[in-house]
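The values are calculated or read from the model by the stated rules, or taken from the named source; none is laboratory data. These numbers were taken from a predicted model, which means no experiment stands behind them. In this analysis, Cβ positions are derived from the backbone assuming ideal geometry, glycine residues included, and neighbour counts consider all displayed protein chains.
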């Protein structure tokens, strides 16, 4: 999360201080793609992993055909009806080892959401938010991540951090639209 927060702060700094349209487009596309890959895609992966576990708990077989069919449907759901999907995307599940690490993938989405919320606080509030963030980092493993983040100003038990990430995504799209 610390590196992701630093990337978000650096991107915002460069967007606020650089006028080169090509650089600004690259930065915006990169930040948007990071959010898409990390929040949307990793959440989709977590949904797929959950479905695999639910099938096993229901004594259903995990056949390649059933997993491919489910994955293809999930990709369609996440990308919407306007995106044309190649049949081969259904097989993507077979090459992603994260599905076998006991719900590991959701951490990417929650980590980026928390980092974007903290970055927003730091850019809007300044030193008080920086101090809360430094206290978060110095907390190490003294408390749960949820408690440490809440003390830093991000409540991961509420929808607020995800909403803040979606607001950030929308804002970045608006900035990019102005440039193209």
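Which one of these is under 15 Å from the mean Cα position of the chain (by Cα), surrounded by fewer than 16 Cβ atoms within 10 Å (Cβ to Cβ) and either modelled with pLDDT of 95 or more or over 14 Å from residue 179 (Cβ atoms) (or both): 30, 42, 54?
Working: 42 fails: surrounded by fewer than 16 Cβ atoms within 10 Å (Cβ to Cβ); 54 fails: under 15 Å from the mean Cα position of the chain (by Cα).
Checking each option against the conditions leaves just 30.
Would you call residue 59 at pLDDT 95 or above, more than 24 Å from the chain's Cα centre (by Cα) and not in a helix (DSSP H, G or I)?
Details: at pLDDT 95 or above: yes; more than 24 Å from the chain's Cα centre (by Cα): yes; not in a helix (DSSP H, G or I): yes.
Here the answer is yes, as residue 59 does meet what is asked.
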